[in-house]
Amino acid sequence: MLSTLRSWGPVVVMGLLAALLLAGFAPAILAENPKPVIKQVPPSRTSAASGAEMFKAYCAVCHGIDAKGNGPAVPALKTAPGDMTLLAKQNGGKFPELRVFNAIRGEVGVAAHGSREMPIWGTVFQDMNRSDTAQTPLRIRNLTKYIESLQQK
């Protein structure tokens, strides 16, 4: 019996060491990399006349300052935003102004967004300017024009 215990001793010790080692690393192995969460905050006020200012304030967090779909919130999105500088190129060389206007307003879904991850800015702009209803279409138009100005030639 003593000889059997001696022959199994190293195996038991190695097994215990392996179990302890795995137990120590188990939390790191089992922990999933949680998806980052986008902190939602009320939109800041910007000039309705400045498409560039609105883009930086409202769009760049997802689309990136350069509109190429590389904003800091991308890791938290289900679907990465597309390169907005290619909209004209992807539309036969013509910027799809009405489609962009309607996407910002929230009237059409954008397939690249998957679910409705993109805020419906038309509603947000209406809420910002309840006393001046002309501001909402002006904001959307100027934002659309700014996106048009970003198109690759």
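Remarks
- Any chance LYS78 is part of a loop (DSSP other than H, G, I, E, B) and without any contact (Cβ under 8 Å) to a residue 24 or more places away in the chain: no
- Just one of the listed residues (ALA73, ALA88) is in contact with a Cys (Cβ under 6 Å, 6 or more places away or on another chain) and either in the same structural domain as GLY122 (by TED's automatic domain parsing) or in contact (Cβ under 8 Å) with a residue 40 or more places away in the chain (or both), and it is ALA73.
- Identity of the residue in segment 78-108, closer than 18 Å to CYS59 by Cα and among the basic types (Lys, Arg), that ends up surrounded by the fewest Cβ atoms within 10 Å (Cβ to Cβ): LYS78
- Taking segment 54-110 as the range and being within 15 Å of TYR146 (Cα to Cα) and of a type in the set (Gly, Ala, Ser) as the test, the residues that pass are ALA57, ALA60, GLY64, ALA67, ALA88, ALA103.
The values are calculated or read from the model by the stated rules, or taken from the named source; none is laboratory data. It should be emphasised that the depicted structure is a prediction, and the values quoted were computed from it without experimental measurement. Neighbour counts are summed over all protein chains in view; Cβ atoms, including those assigned to glycine, are modelled from backbone coordinates with ideal geometry.
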